[in-house]
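Everything below concerns the one structure shown next.
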Amino acid sequence: MARKQQMKLPKQQQNAQEPIWQNKKKSDLKVALCFLLPSLIGVMVFIFIPFIDVIRRSFFGAMSGEFVGLKNYATIFQNDAFKLAGGNTLKFTLICIPLLVIASLGLALLINAIGKKAQLFKMTFLLPMAIPVASVVLLWQVLFHQNGLLSRGIIALGGQRVDWMKTDWAFWILVASYLWRNIGYDMVLWLAGLSTISPAIYEAAKVDGASSWQQFTKITIPQLLPTLFTIVVLSLLNSFKVFREAYLIAGDYPHDSMYMLQHLFNNWFVSLDIDKLSAAATIVAGVILILILLLQRTWEGDED
């Protein structure tokens, strides 16, 4: 009996020591869940469950409620408005995101090189984020209306009055607005990524005779790949928020050059075309998810 007790003693001591670590881990888990649970519940109730219902509705008729299979998907791919909106949205994304990423990175590198003296310069690019959408729309009208400042300047030079928002220039105005409002946000993200790179790495590279371009391509870019992934994803999601300005200044049906998917979804919602709206929303969500997964896979491959 004494021998058995001696053999059990180490196990008992181990059991006496384990709860200290396990209890701390369980305590940390409970604290984390207390902070995350309200957000998780909100996401489930207001986003995840409604989106599952949208996917379900995409396979049913809006009025009859009968199962129609892929009929709604076939209908939207034959819809001219969907083709126009989808093409404009794809064009907008392919143009804006590379421009935004490159321009914001250039500004971040410039501010990082200048140092503390660039605080005012930084504030200049962050200011558009604080301007309300209604003020941005008013600025558009002052500049680009047919009686706006730009048209008056052209008339003064002997030209003709132009309503810019009803020409092909409307698309490029929308691009400029997106870049103007988001470049400061992405610049801050780049600066956060740059701050994580140790200056000792650059000093060692200088000692080895590396040029500025070599330091940028061999040190800065590889170190910023995780930040680049975050910025591209956030820029992609933010590109769907330009609808507000275009809608407020041009209404439900703006010029064809800037008729985006957001306009189409809004018009289908107003006309209660829930079946087509659900199918189109499911396709767009699927495309965005695939793009994000492909980007993540590419970045993980580069890191390896």
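Every residue in the stretch 204-223 that is surrounded by 12 or more Cβ atoms within 10 Å (Cβ to Cβ) and of a type in the set (Phe, Trp, Tyr), please.
PHE216
Given the condition modelled with pLDDT of 80 or more, under 19 Å from the mean Cα position of the chain (by Cα) and over 24 Å from ASP256 (Cβ atoms), answer yes or no: does some residue in the stretch 111-119 qualify?
No; the residues of the stretch 111-119 include none that is modelled with pLDDT of 80 or more, under 19 Å from the mean Cα position of the chain (by Cα) and over 24 Å from ASP256 (Cβ atoms).
Which residues, taken from the stretch 188-203, are open to solvent by 40 Å² or more (accessible area, probe 1.4 Å) and either outside any helix (DSSP H, G or I) or acidic (Asp, Glu) (or both)?
THR196, SER198, GLU203
Quick grid of which residues meet (1) out of contact with any strand residue (DSSP E or B) (no Cβ under 8 Å at 6 or more places or on another chain); (2) over 24 Å from GLN215 (Cβ atoms); (3) modelled with pLDDT of 90 or more:
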| residue | (1), (2), (3) |
| --- | --- |
| ILE76 | yes, yes, yes |
| ASP80 | yes, yes, yes |
| ALA85 | yes, yes, yes |
| ILE102 | yes, no, yes |
| LEU105 | yes, no, yes |
| LEU126 | yes, yes, no |
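Restricting attention to the stretch 44-63, and to residues there that are more than 14 Å from THR282 (Cβ to Cβ), open to solvent by less than 80 Å² (accessible area, probe 1.4 Å) and outside any helix (DSSP H, G or I), which single residue is modelled with the lowest pLDDT?
Residue satisfying both the conditions and the ranking: ALA62.
Of everything in the stretch 75-101, what is open to solvent by 30 Å² or more (accessible area, probe 1.4 Å) and among the polar types (S, T, N, Q)? Give them in sequence order.
Those that are open to solvent by 30 Å² or more (accessible area, probe 1.4 Å) and among the polar types (S, T, N, Q): THR75, GLN78, ASN79.
Does any residue of the stretch 127-134 turn out to be within 26 Å of LEU248 (Cα to Cα) and β-branched (Val, Ile, Thr)?
Yes: one or more hits.
Any residue at all in the stretch 1-17 that's of a type in the set (A, V, I, L, M, F, W, C), outside any helix (DSSP H, G or I) and either open to solvent by less than 100 Å² (accessible area, probe 1.4 Å) or modelled with pLDDT under 80 (or both)?
Taking every residue of the stretch 1-17 in turn, at least one turns out to be of a type in the set (A, V, I, L, M, F, W, C), outside any helix (DSSP H, G or I) and either open to solvent by less than 100 Å² (accessible area, probe 1.4 Å) or modelled with pLDDT under 80 (or both).
Any chance you could count how many residues in the stretch 58-83 are in contact with an Asp or Glu (Cβ under 8 Å, 6 or more places away or on another chain) and over 16 Å from TRP268 (Cβ atoms)?
Here the count works out to 1.
Of all the residues that make up the stretch 263-304, how many are more than 25 Å from MET63 (Cβ to Cβ) and either surrounded by 14 or more Cβ atoms within 10 Å (Cβ to Cβ) or aromatic (Phe, Trp, Tyr) (or both)?
5
Is it the case, given these coordinates, that ALA281 is over 22 Å from LEU138 (Cα atoms) and either small (Gly, Ala, Ser) or in contact with an Asp or Glu (Cβ under 9 Å, 6 or more places away or on another chain) (or both)?
In short, yes.
From LEU294, LEU261, LEU224, which residue is in contact with a Gly (Cβ under 9 Å, 6 or more places away or on another chain) and either over 18 Å from THR89 (Cβ atoms) or free of Cβ contacts under 8 Å to residues at least 60 places away in the same chain (or both)?
After applying the criteria, what remains is LEU224.
Given the criteria more than 19 Å from CYS96 (Cα to Cα) and surrounded by 17 or more Cβ atoms within 10 Å (Cβ to Cβ), does ALA246 qualify?
Criteria not met by ALA246.
Determine, yes or no, whether LEU237 is surrounded by fewer than 14 Cβ atoms within 10 Å (Cβ to Cβ) and either within 30 Å of LEU139 (Cα to Cα) or in contact with a strand residue (DSSP E or B) (Cβ under 9 Å, 6 or more places away or on another chain) (or both).
In short, yes.
The values are calculated or read from the model by the stated rules, or taken from the named source; none is laboratory data. This one's a predicted model, so the numbers in the text were calculated from it and none came from an experiment. A quick note on method: Cβ atoms are made from the backbone with ideal geometry, for glycine too, and the neighbour counts reach across all protein chains shown. Just so you know, the surface numbers come from the protein's heavy atoms only, side chains and all, with ligands and any DNA or RNA stripped out. Shrake-Rupley method; radii C 1.70, N 1.55, O 1.52, S 1.80 Å.
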